[in-house]
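Read-outs: derived from the displayed coordinates by stated rules, not from any lab. Not measured: the values here are computed from a predicted model. Every residue, glycine as well, gets a Cβ built from its backbone with ideal geometry; the counts of neighbours run over all protein chains shown.
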Amino acid sequence: MELYKLSAHELRKKLQAKEVSAVEVAEAVYNRVDAVEDTVQAYISLTREAALAEARRVDEKIKTGQAILPLAGIPGALKDNICVKGTRTTCGSKILANYVPPYDATVTRKLAEQDTVIIGKANLDEFAMGSSTENSAFKVSRNPWDTDTVPGGSSGGSAAAVAAAEAVWALGSDTGGSIRLPAAFCGVVGLKPTYGRVSRYGLVAYASSLDQIGPITRDVTDCALVMNAIAGYDPLDSTSINAPTPDYTKALVPDIRGLKIGLPKEYFVAGMDPEVERAVYAAIEQLKALGAEYKEVSMPHTEYALATYYMVATAEASSNLARYVGVGFGYRGEGSDIIAMSKKSRTEGFGEEVRRRIMLGNYALSSGYYDAYYLKALKVRTLIKRDFDKAFEDVDVLAAPIAPTTAFKIGEKVDDPLAMYLQDVCTVPVNLAGVPAISLPCGFKDHMPIGLQIIGKPLGEETILRAAYAFEQNNDYYKRLAPLGRA
């Protein structure tokens, strides 16, 4: 029995029935990592000793007849911008190559309370800035469907680990599509929750008004299970929403009769791969056959979303990354005085893409340009949010592509930042509006996965999970394993 191929809910049943032990499950996943990690490059670091110790604790609970929680003993990965006390957390950057947090992120603590087993810390674009995981200071992760292609970014390591069966589930972070794009490229499920639904405490900040932690999983059921574990109010996060947290697994019903779906015409952009567009429309037709209704809607400010995002995100990034000056923690370069030392530390410690975004942000916030750029971007962000509000007056969810193409070749866009940024054209409006969205596989082009995006109202995770579950259960896309997931 190849335990590493099973979903979290399938493994839970086997653990409860005492058919397998948590140690056997963890060892199966680590054996899988040993077999394929040199090819996939999904992890920055592994936490084998701590993971096996946790698995033994779960087995002891089962042995003594104690009830176990839904994710107990289930191996997963954390994106390496999520703090784990005593475990190196690099953000994929040389500047934090040896940083060991003195505290846990709230999601880390919540998962520990669930008795989950953490396999390791997954690779990412440096400080979550990128769409391909080629910007990591340590390695380039590869897509398990075709190792010559990217897994998407910035949570590419998390998605690649799940797709390659090197983890049963993973957490990523999504600032402009960084959960949904890798999920789409790697043929797995990825959910970006409502801003504030999952605590950001202990997530190393990129753009604080946009960042959100969420799950990447094999199927929609596992996605709901992980959301149950990590969602909820946190007084340590001033942006956390103080609202009741539902049991997301109760939303997993296949009945979507009467569900109203909006198709934002601006999301089917010029230059989109015709195969991607056909697959998304076919998925929407299937949802209609299951009882949903759909209509075209207009979100007229979408064309400004990409420019708005890269103004707001870079401005916030330049402020958040100002703390990395070679003093207190992080990489320190040599210099004749503190100014020279700080300049050397930042120049040597940050990669090219991070430096590019810091400079863009500093420019937007500088005297004489603040009103012309950053303030104007905030005003346009409000208009984009109003587009969503208006659309949701008539529909329950929106459906759209995740990206204009399937996964592209490693190195294909790395020297063209604008072409790379255009991969986010269908995802960044969701972050600007703060609403939830899910990606799930809806087809293939030349054996590479295509992702369907279902977008919900604020705190509408239950509705998008219900729609996603109904679609998933009437297809076999989620059952298809990447070539490196099959071995």
Check: What's the exposure ranking of L78, L11, L378, going from fewest to most Cβ atoms within 10 Å?
Finding: L378, L11, L78
Margin query: Between segment 123-188 and segment 407-476, how far is it from one alpha carbon centroid to the other, in angstrom?
Written below: 13
Item checked: ³J(HN,Hα) computed for each position of segment 48-58 - Karplus, 6.51 cos²θ - 1.76 cosθ + 1.60, integer Hz, glycine/proline x -> 4, 4, 5, 5, 5, 5, 5, 4, 5, 5, 5
Item checked: In sequence order, calculated HN-Hα J values of segment 22-28 (Karplus, 6.51, -1.76, 1.60; Hz; x Gly/Pro) -> 5, 5, 4, 5, 4, 5, 5
Item checked: Projected-area average for segment 136-261 over all orientations - Cα convex hull basis, square nanometres -> 9.1
Check: If you keep only loop residues by DSSP, which chymotrypsin sites (Phe, Trp or Tyr not before Pro) in segment 374-483 have at most 16 other Cβ atoms within 10 Å of their Cβ?
Finding: none
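Report the equivalent ellipsoid semi-axes for the chain in whole Å, largest first, defined as the square roots of five times the eigenvalues of the gyration tensor built from alpha carbon atoms.
Ellipsoid half-lengths, sorted descending, are 31, 29, 21 Å.
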Notebook entry, point to check: In segment 169-192, which residues have a backbone nitrogen under 19 Å from the label point lying 7 Å from K13's Cα in the Cα-to-Cβ direction?
Noted result: 169
Note to self: Given an 8 Å cut-off on Cα distances and at least 6 residues of separation, report the relative contact order of segment 303-381 as a percent.
What the structure shows: 40
Checklist line | Cut-off under 5 Å, modelled amide H: who pairs with G333 long-range | finding: S345
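Give the relative contact order (percent, whole number) for the chain; include only Cα pairs under 8 Å separated by 6+ residues.
So the answer I get is 18 percent.
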Next item on the list: Enter the Cα centre distance for the pair segment 272-345 and segment 6-41, rounded to the nearest angstrom.
Entry: 33
Item checked: Loop-located GluC sites (Glu not before Pro) in segment 1-33, at most 14 other Cβ atoms within 10 Å (DSSP) -> E2, E19
Margin query: Please list, in order along segment 71-85, the HN-Hα scalar couplings obtained from phi with the Karplus expression 6.51 cos²θ - 1.76 cosθ + 1.60 (θ = phi - 60°), rounded to whole Hz, x for Gly and Pro.
Written below: 9, 4, x, 9, x, x, 10, 10, 4, 7, 10, 10, 6, 10, 4
Checklist line | Scaled radius of gyration (Cα, divided by 2.2 N^0.38 Å) that segment 187-322 gives | finding: 1.26
Notebook entry, point to check: Evaluated at 10 °C with a viscosity of 1.306 mPa s, what Stokes-Einstein diffusion coefficient in µm²/s does segment 285-343 have when Rh comes from the Kirkwood expression over alpha-carbon pairs?
Noted result: 98
Check: For segment 97-174, what class follows from the C-alpha gyration tensor (a ≥ b ≥ c being the square roots of its eigenvalues): rounded when a/c is under 1.5, otherwise prolate if a/b is larger than b/c, else oblate?
Finding: oblate
Notebook entry, point to check: So which aspartates and glutamates pass the test for K376, namely a Cα distance under 19 Å, with those fewer than 8 places away in the same chain ruled out?
Noted result: E303, E316, D387
Margin query: Going by amide H atoms built from the backbone, whose H comes under 5 Å of the H on K260, apart from near neighbours?
Written below: E293, D396, V397
Note to self: If the only charges are +1 at each Lys and Arg Cβ and -1 at each Asp and Glu Cβ, what is the size of the charge dipole of the chain around the Cα centre, to the nearest 20 debye?
What the structure shows: 720
Margin query: If you take every residue apart from G460 with its C-beta less than 11 Å away from the C-beta of G460, what net charge results, scoring Lys and Arg +1 and Asp and Glu -1?
Written below: 0
Check: Roughly how many whole Å is it from the C-alpha centroid of segment 43-87 to that of segment 371-387?
Finding: 43
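Beyond 22 Å, what percent of the Cα pairs of segment 303-381 remain?
The proportion of pairs with Cα distances above 22 Å equals 33 percent.
Tell me the net charge near R200. Cut-off is 10 Å between Cβ atoms, R200 excluded, with +1 for each Lys or Arg and -1 for each Asp or Glu.
-3
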Next item on the list: Going by C-beta contacts inside 10 Å, put D396, D273 in order with the fewest on the left.
Entry: D273, D396
Next item on the list: Give the long-range amide H neighbours of V84: residues separated by 5 or more places, or on another chain, with amide H under 5 Å away, using H modelled in the peptide plane at 1.01 Å from N.
Entry: A105
